[in-house]
1. Place a +1 charge on the Cβ of each Lys and Arg in the chain and a -1 charge on the Cβ of each Asp and Glu, then give the dipole magnitude about the Cα centre in debye, rounded to the nearest 20.
2. Take every Cα-Cα distance within region 172-408, group them into 10 Å bins from 0 onward, and report for each bin the whole-number percent of pairs it holds.
3. Over 5 Å intervals from 0, what percent of Cα-Cα pairs in region 1-112 sits in each interval?
4. Relative to the longest principal Cα axis of the chain, at what angle does helix 480-491 sit, 0 to 90 degrees, rounded to 10?
5. Counting only other residues whose beta carbon sits under 15 Å from that of Gly504, what net charge do I get with K and R as +1, D and E as -1?
6. Count the net charge of all other residues whose Cβ sits under 15 Å from the Cβ of Ala154, scoring Lys and Arg as +1 and Asp and Glu as -1.
7. Can you find, among Ala582, His180, Ala446, the residue farthest towards the positive end of the dipole of the chain? Put +1 on the C-beta of Lys and Arg, -1 on that of Asp and Glu.
8. Taking Cα atoms, how many degrees apart are the long axis of helix 188-199 and the longest axis of the chain, rounded to 10 and kept between 0 and 90?
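No value in this document is a laboratory result; all are computed from the given coordinates. This one's a predicted model, so the numbers in the text were calculated from it and none came from an experiment. Heads up, the Cβs are rebuilt from the backbone with ideal geometry, glycines too, and the neighbour counts pull from every protein chain shown.
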Amino acid sequence: MAENKEKLFDMFPPVTTEEWMAKINVDLKGADFNKKLVWRTNEGFNVMPFYRKEDIEGLPSIGSMPGQFPYVRGTRTGNDWLIRQTVAGETAAEINANALHAIDKGVESIAFTMHDLQASDLAQVLEGIDLKKVEVNISCCPRHAEEVAKALVALVERAGAMDTFRGTVAFNPFKRLLKHGLDFQKDIKAMALSLYEAVKPVAGLRCFTVDSCMLNNAGAYITQELGYALAWGAEWMTVLTDAGLKPCEAAGRIKFNMGISSNYFMELAKFRAARMLWAEIVKAYGAPEDCCKMAVNAVTSQFNMTIYDAHVNLLRSMTETMSAALAGVDSIETLPFDLQYKTPDEFSERIARNQQHLLREESHLDKVTDPAGGSYYIETLTCSIADQAWKLFNEVEDNGGFHALLVKGDIQAKVNESGVKRHLDVARRKEILLGTNQYPNVNETALDKIEKENGCVCGCGCKEVADGAVQYLNFDRAASQFEQLRLDTERAANRPKVFMLTIGNLAMRLARAQFSGNFFGCAGYEIIDNNGFPTVKEGVEAAVAKGADVVVLCSSDDEYAEYAPEAFKELAGRAEFVVAGAPACMEDLKAQGIENFIHVRVNVLDTLVAFNAKLLK
């Protein structure tokens, strides 16, 4: 039988790229290939509609194995990531109880913030937790990091876990600049060296964090997050080596906390590119190759989370978690779907944990290392993202480094600029948030479920605004402006009614009625749809009888020249009149006093804000 084996598809002749292109151009019927099929990404490079083996020849990401420098395929030979969860509580005992509960449900890495707790409370927080097995990650004010680290080291030593413990005491003096525009008025180098001496006895305790998830949550694009994360890490390498540490000692204490957006394949490629570039950076400082491994915790994004139709957050976080898992990160924190409007409860925290359990225990993603390795598309994406991020990294280095640009507010300004662009894309529906700017559940309400507002979380008692502050990051979520629209509608005394005056061409009136229902549904208006009317007069009379605040004429472009003026005249100002579409006769209709047209090129948010101003009393 072995002698009779044939190569799969051997009976088909090979097809060259030129032949593929010739066939594609025939199918395009004269349309421009680059305009129709090539995707210009926000990350600064083009994505082709297909890739072939020749596209990955000579790429730097090809040729290495998992666990081998430059670690593009992973820093280890397996894919046993840790399931991480943040636990909270008002007292040390409550945090401890919540942590033990999470661990009992399968969490292997816990995180918590000290807030009002003291270092002396740490023993109670960690009571009953096996420090040989469970990773512990602590956030606190940078001023208290050394005190907390010493307390943790003492507990680890008492538990006999000096050689096996893994964890973090986050020293993040740059967070204040990013969140509040205020510099950390202390000697960072002296504090970092003192902190290193405190954690030195425990090899697995990292303390110098790169929290680029903050950039992700402010709307940064993927290459931006990666480029600035690398510059942030290089800033730590410079601070620590200038303080007298060897490059290997410095790199071994740095921890990256990176965000994950819903851009599935690009996020997968981002983490692969991150390991490759970080390995080269650390090596450039003089560290041996086995010290150049990047330690990465991945956190699902908050930027794309929504309050309305919040269960869609589960779909977003699931694909994000899957991207990070397939990319081979060290740990993943899947955020609860209701985080934006309440303190997560047992149900939402359990669902968040189980999302990872599904990927690991049922999909077995932990059994395969770098499954994307060799994929023409992913390998090309990896190098494209790496190229753009590397350019940004060098730009930061050429202009004084990460901290220097933070003090000027330059990095914050660039990220905020991206955030503004993404909000505009959401407003124009170029970026879709299901249930928010597309296909909203028009009958859902949210006022009764919002229990909290986001506030200061720096742990140092910072003010949100202070005199002398440079520009700081704007953490408004992509959905925030649409959500404000709907909340305003909920607070109004009367919910506006939008009546679909459907008439004429059956296919066009149905399509435009659906479009218009989705459009006005984004503001939470009541939508009154109809099967169609034989005359404009009957449609207008039905609208008035229903108490419509807005009447949307839904028909075909050819019929608008007749129907729109008649409907506008019949309505006689008793409701706002809207034409669904952008017909060729639009200028003629405007000349007759018709002002409102909705179509795919209109800014949905601005249009609805204007209607809210007219309709809400």
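1. Around 340 debye, computed over the chain.
2. 7, 30, 35, 22, 5, 0
3. 2, 8, 9, 9, 8, 10, 11, 10, 9, 8, 7, 5, 3, 2, 0
4. On a 0 to 90 degree scale, this one is about 60.
5. Result for the neighbourhood of Gly504: -3.
6. -3
7. His180
8. For helix 188-199, the angle is close to 60 degrees.
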